[in-house]
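Written below as structure tokens is the structure these notes are about.
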2 protein chains.
Amino acid sequence: VLNASLAGVIDECRKHAEIGTLYGARFGLTGILREDFINLFDPDEETISRIARAPASALGTSRHAASQDDLIRTLEIFRRHNVRYFFYTGGNGSMCTACQLDLLAREMGLELQVVGIPKTIDNDLMETDHCPGYGSAARFFASALRDIGADNRSLPGQVEFVEVLGRNTGWIVAATSFARSREDDAPHLIYLPESPLPLDQLLDDVDRVYQRLGRCVVAVCEGQLDETGQPFGADVRVSSRGFLAMNLAHRLAVLVNERLKIRARGEKPGLLGRSSALNVSSSDWLEAGLCGRHAVIAGLRGQGGNMVTLMRDDQPEYAVHTGLAPLHRVALRERAFPVEWRSNAPHKLSPAFLEYAAPLVGEISNHASFPEEPSG
Amino acid sequence: VLNASLAGVIDECRKHAEIGTLYGARFGLTGILREDFINLFDPDEETISRIARAPASALGTSRHAASQDDLIRTLEIFRRHNVRYFFYTGGNGSMCTACQLDLLAREMGLELQVVGIPKTIDNDLMETDHCPGYGSAARFFASALRDIGADNRSLPGQVEFVEVLGRNTGWIVAATSFARSREDDAPHLIYLPESPLPLDQLLDDVDRVYQRLGRCVVAVCEGQLDETGQPFGADVRVSSRGFLAMNLAHRLAVLVNERLKIRARGEKPGLLGRSSALNVSSSDWLEAGLCGRHAVIAGLRGQGGNMVTLMRDDQPEYAVHTGLAPLHRVALRERAFPVEWRSNAPHKLSPAFLEYAAPLVGEISNHASFPEEPSG
């Protein structure tokens with residue numbers, strides 16, 4: 001939904017005559033440093049509204065970590081192009097860069113409003129009720145677990161591990177509980193990476209479900225670790241944010257197969273979980289646009305140094321309004337899945353979490369089946 | 001779309017007063033042998049029309065390979081329940097069972113019409129233009145490659161391997177070419193498992209694309225083998241149909257990473273590719289229903305011993321009609337991807353294939369982007 005925020009920025013900027021040009025930097029910071037800009041007022045409305053629906057980032061993004069030199073060069077480029085407002089979209093790493101730029105611009109006496117626009121499927125930004133991107137990724141994986149669950153139910157005798165995005169936080173994997181509409185629907189086991197998962201416990205849990213139902217579907221986060229802090233012997237990629245298993249679902253399937261002698265396999269939708277164009281949550285999409293528009297308004301009001309936040313209205317029916325939070329209170333901090341929303345049982349999420357996430361994910365319709373339950 | 005065929009059978013049977021009861025066997029042959037039947041005339045039309053839209057098999061299926069004893073018991077059970085028509089849905093293995101049952105029933109002088117209903121995402125049944133199930137699985141993977149391609153384009157510097165279903169035949173992986181709408185769109189490389197793929201060739205191909213674009217997306221079939229007939233060192237599961245890699249995409253990503261020193265990862269949507277409820281091709285769904293209805297009509301006409309086929313009308317605009325083919329001409333035979341539709345280049349499919357598959361897959365809309373091409 002990142003492009004929905006971009007479209008919101010473009011749309012709002014067009015309304016304000018004081019904004020003469022809106023530059024888009026191709027591939028994020030890399031594009032700024034290369035002065036690889038496009039004029040975002042050029043494309044017609046039809047194109048922008050189609051871009052708003054496209055997955056990934058239409059402008060492009062980069063893995064480039066900004067050095068102090070990069071930041072200084074960025075501000076020089078901004079000065080040269082008379083850039084007065086800077087909108088930066090991303091997660092807590094991007095908000096850190098935005099925060100540094102804001103501080104540096106103030107030091108240099110540059111008139112620049114830096115406004116952060118939240119976007120991370122990981123839902124781990126502080127100060128906001130939730131993050132654009134989360135609802136759609138959660139919706140993808142809830143739908144995926146529902147559909148793989150239907151497959152596992154119709155052809156039992158197998159354990160399925162489904163690897164879910166979300167690095168070290170359980171926000172997305174927890175939302176796979178929306179896949180269920182009947183008792184014994186998949187996922188039968190959901191593990192949150194905030195707690196280490198001893199292999200023996202996993203095997204016990206899987207065995208118990210399998211003995212009862214003759215089938216088992218497990219939702220596991222890509223960042224899940226065992227009791228020794230290792231990813232169950234999976235191959236890993238080491239990054240600045242810790243290491244991430246590359247083939248965890250497969251590795252767990254192999255372990256279940258070896259230890260329990262049960263047929264098992266792993267699925268890894270992987271990046272499809274953040275790019276699938278068919279699984280966008282409608283509230284997520286609308287709110288992403290709202291954040292983009294609000295960022296422009298905040299910039300024009302001189303409220304730079306902040307990130308736009310989403311605040312839930314205090315009323316029974318779900319509604320949100322936008323707010324602002326200082327970038328330094330968001331930068332690099334990580335919002336963990338609340339301890340009080342966890343549960344001791346590996347198949348239950350607390351009602352408080354379900355109430356929180358349901359409007360973000362949207363309704364996941366159940367699949368019809370014959371009245372009686374198959375006997376397995 | 002298997003449930004669409006089931007709904008077609010139910011709907012057609014309801015029209016014929018001579019059919020008093022329609023049994024559905026839970027979990028296929030297993031259900032017959034356990035006499036675990038449900039009366040398919042019980043659910044109301046609303047339920048049936050919802051079941052018609054559900055993925056996987058609402059009745060359930062099994063991996064049980066029928067022995068001669070099983071077949072004899074099946075016919076005894078049919079005799080006891082006065083079963084006169086038997087509709088069996090599946091691929092070439094199922095059609096073999098149907099064929100054996102048909103021959104045995106004739107030997108035993110049983111009045112039984114055995115009619116096969118084609119359904120396999122692998123599209124490898126003989127005698128039919130294409131198989132229900134194929135269009136939707138092809139549509140899933142074409143959409144997946146388009147969306148992962150958008151992700152790879154917006155965040156370059158990485159090679160993506162996407163593992164595609166289809167065992168030993170290239171029908172599905174070939175259809176990922178519908179993901180492309182512009183030059184340099186993903187997938188940049190498509191390999192058909194009908195040809196062995198030397199690792200050195202793969203590395204050369206990937207390197208060439210990566211040097212040119214700074215990114216690369218590869219569609220590879222789960223049954224792809226290297227020049228030694230091995231799956232590149234991936235873990236395998238051995239089955240009656242040969243061995244199947246369990247983590248091929250990941251394994252190839254590791255090899256690219258090690259040999260070319262390029263960041264790489266693998267995605268494996270796996271069973272989601274055959275169960276995703278959001279990626280059903282509309283022609284596929286309609287034709288599956290047609291096959292179900294036509295099976296009933298064939299049975300009532302005494303045309304047992306056949307499988308329903310889909311025949312393409314000889315006219316410019318796509319249209320199909322149903323036909324019949326003897327089960328023994330379908331059983332256990334496998335329709336390979338035509339040699340003349342292959343291409344020497346690992347990124348091009350022949351126009352003849354594209355023309356064949358386009359109406360089965362349906363239109364895959366492209367994602368909007370900014371006019372200029374990002375410079376990578």
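Scanning the range B:152-177 for residues that are facing chain A (nearest Cβ under 8 Å) and small (Gly, Ala, Ser), which turns out nearest to B:His367 (Cα to Cα)?
The selected residue is B:Ser154.
Please state which of the following conditions A:Arg63 fails to meet, knowing it meets all the rest: (1) at pLDDT 95 or above; (2) within 14 Å of chain B (Cβ to nearest Cβ).
Exception for A:Arg63: condition (1).
Consider A:Val83 carefully, then state whether it is assigned to a loop (DSSP other than H, G, I, E, B), at pLDDT 95 or above and in contact with a helix residue (DSSP H, G or I) (Cβ under 9 Å, 6 or more places away or on another chain).
Yes: the conditions hold for A:Val83.
Tell me, which helices (runs of 4 or more DSSP H) wholly within the range B:267-376 include 1 or more residues that are within 14 Å of chain A (Cβ to nearest Cβ) and buried (at least 22 other Cβ atoms within 10 Å of the Cβ)?
The qualifying helices (runs of 4 or more DSSP H) are B:272-275.
In the range B:86-99, which residues are more than 14 Å from chain A (Cβ to nearest Cβ) and either modelled with pLDDT under 95 or crowded, with 21+ Cβ neighbours inside 10 Å (or both)?
B:Phe86, B:Phe87, B:Tyr88, B:Asn92, B:Met95, B:Thr97, B:Ala98, B:Cys99 - these are the residues of the range B:86-99 that are more than 14 Å from chain A (Cβ to nearest Cβ) and either modelled with pLDDT under 95 or crowded, with 21+ Cβ neighbours inside 10 Å (or both).
Table: residues versus (1) aliphatic (A, V, I, L, M); (2) in contact with a Leu (Cβ under 9 Å, 6 or more places away or on another chain).
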residue: B:Ile297; (1), (2): yes, no
residue: B:Gln303; (1), (2): no, yes
residue: B:Met307; (1), (2): yes, yes
residue: B:His328; (1), (2): no, yes
residue: B:Arg333; (1), (2): no, yes
residue: B:Ala336; (1), (2): yes, no
residue: B:Ala352; (1), (2): yes, no
residue: B:Asn366; (1), (2): no, no
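Somewhere in the range B:151-161, is a residue surrounded by fewer than 22 Cβ atoms within 10 Å (Cβ to Cβ) and among the hydroxyl-bearing types (Ser, Thr, Tyr)?
Scanning the range B:151-161 turns up no residue that is surrounded by fewer than 22 Cβ atoms within 10 Å (Cβ to Cβ) and among the hydroxyl-bearing types (Ser, Thr, Tyr).
Check whether at least one residue in the range A:2-15 is in contact with a Ser or Thr (Cβ under 9 Å, 6 or more places away or on another chain), open to solvent by less than 30 Å² (accessible area, probe 1.4 Å) and at the interface with another protein chain (Cβ under 9 Å from one of its Cβ atoms), and report yes or no.
Yes: one or more hits.
With (1) out of contact with any helix residue (DSSP H, G or I) (no Cβ under 9 Å at 6 or more places or on another chain); (2) in contact (Cβ under 8 Å) with a residue 24 or more places away in the chain; (3) within 13 Å of chain B (Cβ to nearest Cβ) as the list, and A:Ile51 as the residue in question, which single condition is left unmet?
(1)
Would you be able to say whether some residue in the range B:204-213 is within 26 Å of A:Leu145 (Cα to Cα) and among the β-branched types (Val, Ile, Thr)?
So far as the range B:204-213 goes, no, none of its residues is within 26 Å of A:Leu145 (Cα to Cα) and among the β-branched types (Val, Ile, Thr).
Considering every residue within the range A:235-242, establish whether at least one is more than 9 Å from chain B (Cβ to nearest Cβ), under 20 Å from the mean Cα position of the chain (by Cα), assigned to a strand (DSSP E or B) and at pLDDT 95 or above.
no
Conditions first: (1) in a loop (DSSP other than H, G, I, E, B); (2) modelled with pLDDT of 95 or more; (3) surrounded by 18 or more Cβ atoms within 10 Å (Cβ to Cβ). B:Glu35 passes all but one, so which condition is the exception?
So the condition that B:Glu35 fails would be (3).
For the subset of the range B:243-266 comprising residues that are part of a loop (DSSP other than H, G, I, E, B) and within 11 Å of chain A (Cβ to nearest Cβ), which member is nearest to the chain's Cα centre (by Cα)?
The extreme case among them is B:Met246.
So is A:Val217 open to solvent by 10 Å² or more (accessible area, probe 1.4 Å) and within 12 Å of chain B (Cβ to nearest Cβ) or not?
No, not satisfied.
Quick one: which of A:Asp200, A:Asp207, A:Asp226, A:Asp184 is at positive phi and either surrounded by fewer than 24 Cβ atoms within 10 Å (Cβ to Cβ) or of a type in the set (A, V, I, L, M, F, W, C) (or both)?
Only one candidate qualifies: A:Asp184.
Given the structure, is A:Glu111 touching a helix residue (DSSP H, G or I) at 6+ places or on another chain (Cβ under 9 Å), surrounded by fewer than 18 Cβ atoms within 10 Å (Cβ to Cβ) and assigned to a loop (DSSP other than H, G, I, E, B)?
yes
Give the residue that is farthest from the other protein chains (Cβ to nearest Cβ), with candidates limited to residues of the range A:66-85 that are more than 13 Å from A:Leu112 (Cβ to Cβ) and open to solvent by 70 Å² or more (accessible area, probe 1.4 Å).
A:Gln68
The values are calculated or read from the model by the stated rules, or taken from the named source; none is laboratory data. This structure is a prediction, so every number in the text was calculated from the model and none was measured. Because the Cβ atoms are built from the backbone with ideal geometry, glycine has one as well, and the counts that use them run over all protein chains shown. Ligands, DNA and RNA are stripped out before the accessible areas are found, and what is left, the full protein with its side chains, is counted by its heavy atoms. Shrake-Rupley method; radii C 1.70, N 1.55, O 1.52, S 1.80 Å.
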